[in-house]
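S.K.: Dropping the structure in here first, questions after.
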Amino acid sequence: MNQRNLDELARPTVDNTHVPHAAIHRIKADGVTVFFREAGPPDAPVVLLLHGFPTSSFQYRELIPRLADRYRVIAPDLPGFGFTAVPEQERYQYSFDAIAHTILAFTDALGLKRYALYVFDYGAPTGFRLAMGRPERVTAIVSQKRQCLRRRLGGRLGSYQALLERTICRKSRNSAQGPKPGGNSLAIYDRRTEPGRDRAGGLHT
């Protein structure tokens, strides 16, 4: 093998010069200083990534650049995780209701009117509360691994089940192509109920 062939093998097969850079920000919301990562065009459809336990927005460090060429990707650290700071004097109640309230305030602080939700583990009951509280804002829900216990949902269990029945069981020509953050319909995909989505959408646990 000559030097020219060696040089060709060493040459990157993927152009990494245009990988979107994720910026790091902090913003006040609900008395909490929320740390978040952001990438993508500011005028693009928004995808809100809600992480699981016991991680932070760092969980999505490889997913963010894969989405940021088409979407404005925002990944906050939930209260109690990562670099989000909760003042001691706030006497913060670490419940899913409280976390969802903070993340809703976070979306308000950023002026987000429409967004798709990508939820994982603890991010699921947080994200579902956002969807039930502000359904007009949510364009899609991607559920990679949901954590939703009856005792944690309390009286909202019926609403949660109705949300799933209304969306995950609905089949249409548009939803068959996957969630579209810029669209008008709400769709939920869960790999346990629609295993084909795992292969088509590239979602892995």
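Read-outs: derived from the displayed coordinates by stated rules, not from any lab. Quick caveat, the model's predicted, so the values are computed rather than measured. Cβ: placed from backbone, ideal geometry, glycine included. Neighbour counts: every protein chain shown.
S.K.: What is the fewest-to-most order of His51, His21, His101 by other Cβ atoms lying within 10 Å of their Cβ?
M.R.: His21, His101, His51
S.K.: Sticking with this structure for a sec: Starting from the 7 Å offset along Cα-to-Cβ, what nm value, one decimal, do you get for the label separation of Glu136 and Ala44?
M.R.: 2.8 nm
S.K.: With +1 assigned to the C-beta of every Lys and Arg and -1 to the C-beta of every Asp and Glu, and no other charges, what is the dipole magnitude of region 86-129 about the Cα centre in debye, to the nearest 20?
M.R.: 240 debye
S.K.: List the residues whose amide H sits under 5 Å from the amide H of His51, counting only those 5 or more places along or on another chain, with H placed 1.01 Å from N in the peptide plane.
M.R.: When sequence neighbours closer than 5 places are left aside, the close amide H contacts are Leu78.
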